[in-house]
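Data first, discussion second: the structure below is written as C-alpha cells.
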Amino acid sequence: MQIYLPRPLQIARLSAYFRTASIDKKFDNLYYTLLNNISSGSEFTPGGDFGVKLGSCMADSKIEQYLVDLMISYQQIDSNLWLLDDEGRSLQGVAVMHAEPLVIIRAEIMDVPKTDVLELYTKLLELNAADVIHGAYALDNDNQKIVLIDTLQYSSMDYEIFRASLDSFSLALTQHYPILSKYREKSTAAAETKGA
C-alpha cells in the first residue's frame, strides 16, 4: 500500500528525517536524490525503498521512529534519551526516556512555591482528575519541582499510544500554563516582599 503525501508534506516529512539526527556525507546523496524525486513529481512513500533506507539509517528505536513520523523536533541526548523541542506543539523541554521496560515522558513544570502550597496541590489533583488524559502532575524526588509525567510499557507501546501521550502533554502544557503560572507569580511576589 502506498501512501500519497501532498508535495509540501513530502518535503516536510523528508526534512524531519534529516533535521532530527546528525547527517554525515554518506546521507547527503540520499537526501538530494529524495528531494529531486519529490520535486520531479514522484511520490515519497515511507514504506518504499527510500523509506526503508531512511528508517534503518535514522531511527534506532521505535521511539525515534515515532518522533520522526510525528515530525516533532528533538535532540537525541543519549542512546535512550530524547529532548523534545517543538514550540509549535508546546513540547519544549519534554524528555522522553527509554528505561527498559518503560518509556518515561517527563516535563518540569515549575519549582514548588514557598506560599499557597496546599492550594496548588489541590489544584494539581483537580487537574489530574479532570483534565490530564495521559500522565499526571507529580513532585520530583526532592519534592522541589512539579513535573508532568507519564509512563508507558515499551513492549506494548504503539504509535497511537505514544502520540496520545504527547498530545495529552501538549494540551496540558498549553491549557494549564495560565492556571499554574498564578502560583509561580504569587511565590515570586512573596519572595520579593520578604526581600524588601
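The values are calculated or read from the model by the stated rules, or taken from the named source; none is laboratory data. What you see is a predicted model, and the numbers here were worked out from it, not measured in a lab. Note that each Cβ is placed from the backbone with ideal geometry, even for glycine, and that neighbours are counted across all protein chains shown.
Before moving on, here are some points about what is shown:
- Filtering the range 116-134 to residues that are surrounded by fewer than 15 Cβ atoms within 10 Å (Cβ to Cβ), over 28 Å from the mean Cα position of the chain (by Cα) and touching a residue at least 24 places away in the same chain (Cβ under 8 Å) leaves only 119.
- Number of the condition not met by residue 142 [criteria: (1) of a type outside the set (Ser, Thr, Tyr); (2) modelled with pLDDT under 95; (3) touching a Phe, Trp or Tyr at 6+ places or on another chain (Cβ under 8 Å); (4) not in a strand (DSSP E or B)]: (3)
- Residue 113 falls short on exactly one of the conditions (1) surrounded by 18 or more Cβ atoms within 10 Å (Cβ to Cβ); (2) in contact (Cβ under 8 Å) with a residue 40 or more places away in the chain; (3) touching a helix residue (DSSP H, G or I) at 6+ places or on another chain (Cβ under 8 Å); (4) closer than 22 Å to residue 171 by Cβ, and that condition is (4).
- Meets criteria (in a strand (DSSP E or B) and over 17 Å from residue 165 (Cβ atoms)) for residue 110: yes
- Selection from the range 61-107 of residues that are part of a strand (DSSP E or B), on the phi < 0 side of the Ramachandran plot and of a type in the set (Gly, Ala, Ser): 95, 99, 107
- Cβ separations smaller than 8 Å between residues 6+ apart or across chains give the following pairs from the range 166-179 residues that are closer than 12 Å to residue 127 by Cα to residues that are assigned to a helix (DSSP H, G or I) and not aromatic (Phe, Trp, Tyr): 172/127; 176/127; 179/123; 179/127.
- Of residues in the range 81-108 being acidic (Asp, Glu) and either in contact with a strand residue (DSSP E or B) (Cβ under 7 Å, 6 or more places away or on another chain) or surrounded by 15 or more Cβ atoms within 10 Å (Cβ to Cβ) (or both), the one modelled with the highest pLDDT: 108
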